[in-house]
Structure formats: structure tokens, C-alpha cells
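Quick notes on the structure that follows.
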Amino acid sequence: MKKSELKKQVSAAIQACLDKKAEEISILEMGKGSGAFTDYFVLCSGTNPKQVQAIADEVELRLKNAGVRPTQVEGYRQADWILVDYVDFVVHVFSEKARRFYDLERLWKTAKRLEPSDLKSKTKTKTRSPIKMKTTSRTRAVTSHRRTG
């Protein structure tokens, strides 16, 4: 998968988390030599089991609408730690207690921490070169008149 497409999917998952008022959103970019089985972890917390499930539901719905389905979802019934696996990235939705207990940020402390803005595609803007005009006696006359008048 293209890196830009992957970043769009991760961004969509993050926006879904934000829309359901997830707390403490973290994005970890897993290094090649880290032993991780995926490129990104998205971690967030909910304040109660219903919110934890609602966050996971919104992530799935948002990505399903973009044509992407998870390969696996674990922990939904318990709603303590829901793992939504999209192969190239994994969304972890925790209860506050489980988040503190498992502390994935500490376990994967070598991973690069990202901000949502880091996932935005940097579009290259083309700057136009100035238009060069052929200087004639008429353009010189108009230009000099503008300067003096």
C-alpha cells in the first residue's frame, strides 16, 4: 500500500476517535527494526465501556465507508481494550484503567511519536516563474509614467 494512502486511513481512524470524544490519543510509528508487525499504532481511551465500544464502532464505520475492513477485532464484548487490526495499522481503544495497566507507549518507547498533523500529505506547491515581458518603448513609457505620476 502507498504510504500516502496508509496515512489517509490512519488519519480517518484518528478523526473517528476524536468525533467520539476519545481521550489521550497517541500515534506511534513503528520502526523497521522494532519487531512490530505493523506500521502504526493508534491508541486512545474512553471513560466507560459504552464509549470504548462507540469509539471502536466509529473507527470501523469510517474506514468501512472508505472501503477498508479490519482483519480482526478483539475485546469488543469486554470493552476494556478493543484492538482493531487493519494489518498496516492497529487501533487500540482502552478503558482508562487498562490503558494505565498495559502502558503500550512505555512498551514501545522506541517508536516515533507523531501528531495527527504529521500524517497530512505535504503537497508540493508550484510557484510560477515571473512573466517576462518584452520591453518596448510603449511599456517603458507606461512604466515610467506610473512611477512619476
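The values are calculated or read from the model by the stated rules, or taken from the named source; none is laboratory data. Keep in mind the model is a prediction, meaning the values are calculated, not measured. Don't worry about glycine lacking a Cβ; one is built from the backbone with ideal geometry, like all the others, and counts go over all protein chains shown.
Yes/no matrix, rows are residues, columns are (1) in contact with a helix residue (DSSP H, G or I) (Cβ under 8 Å, 6 or more places away or on another chain); (2) assigned to a helix (DSSP H, G or I); (3) closer than 17 Å to Val93 by Cα; (4) modelled with pLDDT of 95 or more:
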position: Ala16; (1), (2), (3), (4): yes, yes, yes, yes
position: Gly33; (1), (2), (3), (4): no, yes, no, no
position: Cys44; (1), (2), (3), (4): yes, no, yes, yes
position: Val52; (1), (2), (3), (4): no, yes, yes, yes
position: Lys64; (1), (2), (3), (4): no, yes, no, yes
position: Val73; (1), (2), (3), (4): yes, no, yes, yes
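Picking from Trp81, Trp108, which residue would you name as being modelled with pLDDT under 95, touching a strand residue (DSSP E or B) at 6+ places or on another chain (Cβ under 6 Å) and over 15 Å from Ala16 (Cα atoms)?
Being modelled with pLDDT under 95, touching a strand residue (DSSP E or B) at 6+ places or on another chain (Cβ under 6 Å) and over 15 Å from Ala16 (Cα atoms) holds for just one of Trp81, Trp108, which is Trp108.
Yes/no per residue for (1) in a strand (DSSP E or B); (2) touching a Pro at 6+ places or on another chain (Cβ under 7 Å):
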| site | (1), (2) |
| --- | --- |
| Val84 | yes, yes |
| Val93 | yes, no |
| Phe101 | no, no |
| Asp118 | no, no |
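Evaluate the following for Arg69: is it among the charged types (D, E, K, R), assigned to a helix (DSSP H, G or I), out of contact with any Asp or Glu (no Cβ under 6 Å at 6 or more places or on another chain) and at pLDDT 95 or above? So Arg69 fails the test.
Scanning segment 101-118 for residues that are among the charged types (D, E, K, R) and surrounded by 15 or more Cβ atoms within 10 Å (Cβ to Cβ) yields a single hit, Glu105. Restricting Lys7, Lys2 to residues that are among the basic types (Lys, Arg) and either free of Cβ contacts under 8 Å to residues at least 40 places away in the same chain or closer than 16 Å to Leu104 by Cβ (or both) narrows the list to Lys2. Picking from residues in segment 62-90 that are under 17 Å from Pro49 (Cβ atoms) and among the hydrophobic types (A, V, I, L, M, F, W, C), the one that is surrounded by the fewest Cβ atoms within 10 Å (Cβ to Cβ) is Val73.
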